[in-house]
Amino acid sequence: MGVTHHGRTERLDLADPTLREWTCTVVYSDPEQGIVLDRSAFYPGGGGQPPDHGVLLWQGVQTRIAGTRKGDDLWLIPEEGDPVPPAGTAVAGAVEDTRRSLLMRTHSGLHVLCGVVFRDFGALVTGGNMEPGEARMDFNLPEVPGDFKARLEELVNAEVGADRQVVTRVLGREEALALPDIIRTQSNLIPADEQEIRIVDIVGLDVQADGGTHVASTSQIGKLQVVKVESKGKANRRVRVRLG
């Protein structure tokens, strides 16, 4: 395991989130369990970000990838009924660009939202989820001003328009956890045995541990609309957003 590998698979998705096509070799395959590649740019899902979709092309055959399963290896799940390339087969992989690009913009938009709410309202995240182009994030925020929704949208889009760089780096556990406010969730979700931690830094706004894919600058997110703010308990507020 680690940041650059998961089991027998090299993680190309984190090394270069703009990569959409690559060549690789099937390490193991089974129609029921799925397919393991030696190199993969498929984001396997995690941290609220759904997995990628795409295809594998081999010997004139196409295998559609509908999802992933995490275990000791990263298993690609083929669409039901699609042929599965046998172990040792050289294949070309391709990630569905529209879905991935929307998810990258959405995920980076959530980090801007998180950074603004933490900076201006002092609230930590209690939960979240995203789909391509829309998402929700829950905050421990007992009280909000009457103009919170409009004010939050204005603040978030000011940061989007500021064209802040989004930088990723990998640090050892001790060095990473020594960074101030690196955990933006109310509960620490970093596994106790994880010795390398990937940091996503929206320069000048938000620095936190994260394992997802992101755009290179906040201007690439595009306008973010705060659709709704809901009360989900005495101290919990749910903010729903979508890309404009």
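The values are calculated or read from the model by the stated rules, or taken from the named source; none is laboratory data. Every value quoted in this text rests on a predicted model; they were computed, and no experiment measured them. Note: ideal-geometry Cβ built from the backbone for every residue, glycine included; neighbour counts use all protein chains shown. The area values use the complete protein model at the heavy-atom level, side chains included, leaving out ligands, DNA and RNA. Shrake-Rupley method; radii C 1.70, N 1.55, O 1.52, S 1.80 Å.
For the subset of region 220-244 comprising residues that are surrounded by fewer than 13 Cβ atoms within 10 Å (Cβ to Cβ) and among the small types (G, A, S), which member is modelled with the lowest pLDDT? Please lay out each step first, then the result.
Applying the first criterion (surrounded by fewer than 13 Cβ atoms within 10 Å (Cβ to Cβ)) to region 220-244 yields 228, 230-231, 233-234, 244.
Still in the running and among the small types (G, A, S): 231, 233, 244.
Working: S231: 94, G233: 85, G244: 89.
That would be G233.
When the residues of region 12-27 are filtered to those that are modelled with pLDDT of 95 or more and farther than 20 Å from A87 by Cβ, which remaining residue is most open to solvent (accessible area, probe 1.4 Å)? Walk me through how you get there before you give the answer.
Of all residues in region 12-27, those modelled with pLDDT of 95 or more come to 12-13, 16-27.
With farther than 20 Å from A87 by Cβ added as a condition, the list becomes 13, 16-21.
Numbers: D13: 1, D16: 62, P17: 31, T18: 98, L19: 46, R20: 38, E21: 139 Å².
If we take residues in region 12-27 being modelled with pLDDT of 95 or more and farther than 20 Å from A87 by Cβ, then E21 is most open to solvent (accessible area, probe 1.4 Å).
With respect to P145, is the statement that it is free of Cβ contacts under 8 Å to residues at least 24 places away in the same chain, of a type outside the set (S, T, N, Q) and within 30 Å of T4 (Cα to Cα) true? Step through it out loud before you land on a result.
Details: free of Cβ contacts under 8 Å to residues at least 24 places away in the same chain: yes; of a type outside the set (S, T, N, Q): yes; within 30 Å of T4 (Cα to Cα): no.
No.
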Q. If we keep just the residues of region 1-11 that are buried (at least 16 other Cβ atoms within 10 Å of the Cβ) and among the β-branched types (V, I, T), which is modelled with the lowest pLDDT?
A. V3
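Identify, from the list D206, D201, D147, D210, the residue that is of a type in the set (D, E, K, R) and open to solvent by 80 Å² or more (accessible area, probe 1.4 Å). Outline the logic, then answer.
Working: D206 fails: open to solvent by 80 Å² or more (accessible area, probe 1.4 Å); D201 fails: open to solvent by 80 Å² or more (accessible area, probe 1.4 Å); D210 fails: open to solvent by 80 Å² or more (accessible area, probe 1.4 Å).
Every option except D147 fails the conditions.
Scan region 70-80 and tell me whether some residue there is of a type in the set (G, A, S) and buried (at least 17 other Cβ atoms within 10 Å of the Cβ). Write out each step before concluding.
Initially, region 70-80 is screened for residues of a type in the set (G, A, S), giving 71.
Then drop every residue that is not buried (at least 17 other Cβ atoms within 10 Å of the Cβ), which leaves none.
No, region 70-80 has no match at all.
Residues are listed down the side, and each one gets a yes or a no for (1) at negative phi; (2) basic (K, R):
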residue: D52; (1), (2): yes, no
residue: Q59; (1), (2): no, no
residue: T63; (1), (2): yes, no
residue: K70; (1), (2): yes, yes
residue: A87; (1), (2): yes, no
residue: R100; (1), (2): yes, yes
residue: R105; (1), (2): yes, yes
Q | Residue count, region 157-189 (criterion: at pLDDT 90 or above, out of contact with any His (no Cβ under 9 Å at 6 or more places or on another chain) and among the hydroxyl-bearing types (S, T, Y)) | A | 0
Q | Breaking point among (1) more than 25 Å from G128 (Cα to Cα); (2) modelled with pLDDT of 95 or more; (3) of a type outside the set (V, I, T), for D30 | A | (2)
Q: Show the residue pairs that are 6+ apart or on different chains and have beta-carbon atoms under 9 Å apart, the first residue being within region 161-181 and at positive phi and in contact (Cβ under 8 Å) with a residue 40 or more places away in the chain, the second being in a strand (DSSP E or B) and surrounded by 12 or more Cβ atoms within 10 Å (Cβ to Cβ).
A: D163/S217; D181/V207; D181/Q208
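Could you please let me know if E154 is at pLDDT 95 or above and under 22 Å from the mean Cα position of the chain (by Cα)? Steps first, answer last, please.
Details: at pLDDT 95 or above: yes; under 22 Å from the mean Cα position of the chain (by Cα): no.
Criteria not met by E154.
Please pick out the residue among A87, A135 that is modelled with pLDDT of 95 or more, open to solvent by 60 Å² or more (accessible area, probe 1.4 Å), of a type in the set (A, V, I, L, M, F, W, C) and not in a helix (DSSP H, G or I). Walk me through how you get there before you give the answer.
Working: A135 fails: open to solvent by 60 Å² or more (accessible area, probe 1.4 Å).
The match here is A87.
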Q) Which numbered condition trips up A158, out of (1) among the small types (G, A, S); (2) buried (at least 17 other Cβ atoms within 10 Å of the Cβ); (3) part of a helix (DSSP H, G or I)? A) (2)
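Only one of A123, A192 is open to solvent by 70 Å² or more (accessible area, probe 1.4 Å), at pLDDT below 95 and among the hydrophobic types (A, V, I, L, M, F, W, C); which?
Values: A123 fails: open to solvent by 70 Å² or more (accessible area, probe 1.4 Å).
Of A123, A192, the one residue that is open to solvent by 70 Å² or more (accessible area, probe 1.4 Å), at pLDDT below 95 and among the hydrophobic types (A, V, I, L, M, F, W, C) is A192.
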